[in-house]
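Trainee: I'd like to ask you about the structure that follows.
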Amino acid sequence: MRTLRTATFVSLDGVMQAPGGPEEDPRGGFEYGGWTFPFWNEKLGGLMDRAMGEDYDLLLGRCTYEIFAAYWPHMNDEIGRKFNAVNKYVATGLDTPLDWAHSHRLEGDLAKAVRALKATKGRDLLIQGSSEVIHTLLANDLIDQLTILTFPVILGRGKRLFDENSRPHAWTLESSDTSTTGVIVGTYQRSGKVPTGSFADDNPSAAELERRERWARKG
């Protein structure tokens, strides 16, 4: 059984679009491409390397695959050599050419295809970018681990890590660290149901009881 995990750059308000540069993904009028660049340094690079791990295959959506496939095959650095060598499993239709070496198309229902892929023997599956893929897999309870690199900026608009269809879950913080530029790196393991409790008074006031009744009527 493979572990499915993410390593995702997000702003304080949860935006993950175009972290690498202005030309990466300006769709929807996004104006802040490259917002992670000013925070990058050697320590953050080390934290990112640790978040990605050493033994993985990539799981990518169409847009991220096209961005990566136009860039990484031409890179001969450590990450480039790694990305070029591993399997790339891509959630895309037949109209997307998979010319990058070791690329494999996931056909049909994405959740079903990923569930079957997880059941095979092999390396961890690492999602990079691919917000729509993440949304689908969180809705179907298929992501085991989230590593979130949170950058100290608010972007206001753009593609986000979470949407309203995410399956409710508790997540356990496995590790955390902070770069010298203020980026917080947290790794979370999926755990059980969402725990709840209450700070409410055991003997609520008449005003509080009336408020509850009024809000219940409004739905």
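Trainee: Round to the nearest 0.05 the FRET efficiency obtained for A119 and F162 when R0 = 25 Å and r is the Cβ-Cβ distance.
Mentor: Values: r = 26 Å, r/R0 = 1.02.
Using R0 = 25 Å, I get an efficiency of 0.45.
Trainee: For the chain, give the share of DSSP beta bridges that are antiparallel, in percent and rounded to the nearest 5; count only bridges with both residues there. Walk me through the numbers before you get to the answer.
Mentor: Details: 14 of 36 bridges.
Percentage antiparallel, nearest 5: 40.
Trainee: Expressed as a whole number of Å, what is the distance separating the alpha-carbon centroids of the range 22-80 and the range 166-211?
Mentor: Taking the Cα centre of each part, the range 166-211 and the range 22-80 sit 30 Å apart.
Trainee: List M16, M52, M1 from most exposed to least, where exposure is judged by having the fewest other Cβ atoms within 10 Å.
Mentor: Working: M16 24, M52 17, M1 9.
By the 10 Å Cβ count, ascending: M1, M52, M16.
Trainee: Still on this structure, please answer the following. Based on other C-beta atoms within 10 Å, arrange T36, T172 from fewest to most. Don't skip to the answer; put the middle values down first.
Mentor: On the way: T36 22, T172 11.
Ranking T36, T172 by Cβ neighbours within 10 Å, fewest first, gives T172, T36.
Trainee: While we're looking at this one, here's another question. Relative contact order, percent, of the range 60-132 when contacts are C-alpha pairs under 8 Å separated by at least 6 residues? Intermediate values should be presented prior to the final figure.
Mentor: On the way: 70 pairs, mean separation 26.7, N = 73.
Taking the mean separation of contacting Cα pairs over the length of the range 60-132, I get 37 percent.
Trainee: Continuing with the same structure: Quick one, which of (1) 69, 40, 35; (2) 47, 39, 32; (3) 55, 41, 35 is the actual Cα extents along the principal axes in Å calculated for this model?
Mentor: (1)
Trainee: What is the calculated FRET efficiency for D99 to A170, with r their C-beta to C-beta distance and R₀ = 41 Å, to the nearest 0.05? Please list the in-between numbers first.
Mentor: Working: r = 41 Å, r/R0 = 1.01.
That gives a FRET efficiency of 0.50.
Trainee: Loop-only chymotrypsin sites (Phe, Trp or Tyr not before Pro) in the range 118-219, please: DSSP not H, G, I, E or B, and at most 10 other Cβ atoms within 10 Å. Mind dumping the intermediate values first?
Mentor: Details: sites: F162, W171, Y188, F199, W215; in loops: F162, F199.
Passing both the DSSP loop test and the Cβ count: F199.
Trainee: Based only on the alpha carbon positions, what is the Kirkwood hydrodynamic radius of the range 88-150, in angstrom? All intermediate terms of the calculation are to be shown ahead of the outcome.
Mentor: Working: mean 1/r = 0.0779 Å⁻¹.
12.8 Å is the Kirkwood radius here.
Trainee: Ok, one more. Relative contact order, percent, of the chain when contacts are C-alpha pairs under 8 Å separated by at least 6 residues?
Mentor: On the way: 377 pairs, mean separation 63.8, N = 219.
Across the chain, relative contact order equals 29 percent.
Trainee: How much FRET efficiency would the formula 1/(1 + (r/R0)^6) give for T178 and A70, where r is the Cβ-Cβ distance and R0 is 35 Å, rounded to 0.05?
Mentor: Working: r = 33 Å, r/R0 = 0.93.
After rounding to 0.05, the efficiency reads 0.60.
Trainee: Using 7 Å Cα-to-Cβ label points, what is the N140/R212 separation (nm, one decimal)?
Mentor: So the label points at N140 and R212 sit 4.0 nm apart.
Trainee: Using Cβ contacts closer than 10 Å as the measure, can you line up V183, V90, V194 from fewest to most?
Mentor: Ranking V183, V90, V194 by Cβ neighbours within 10 Å, fewest first, gives V194, V183, V90.
Each value in this text was obtained by applying a stated rule to the coordinates, not by laboratory testing. From a predicted model like this one, the values you see are computed outputs, not experimental measurements. Note that we place each Cβ from the backbone using ideal geometry, even for glycine, and neighbour counts take in every protein chain shown.
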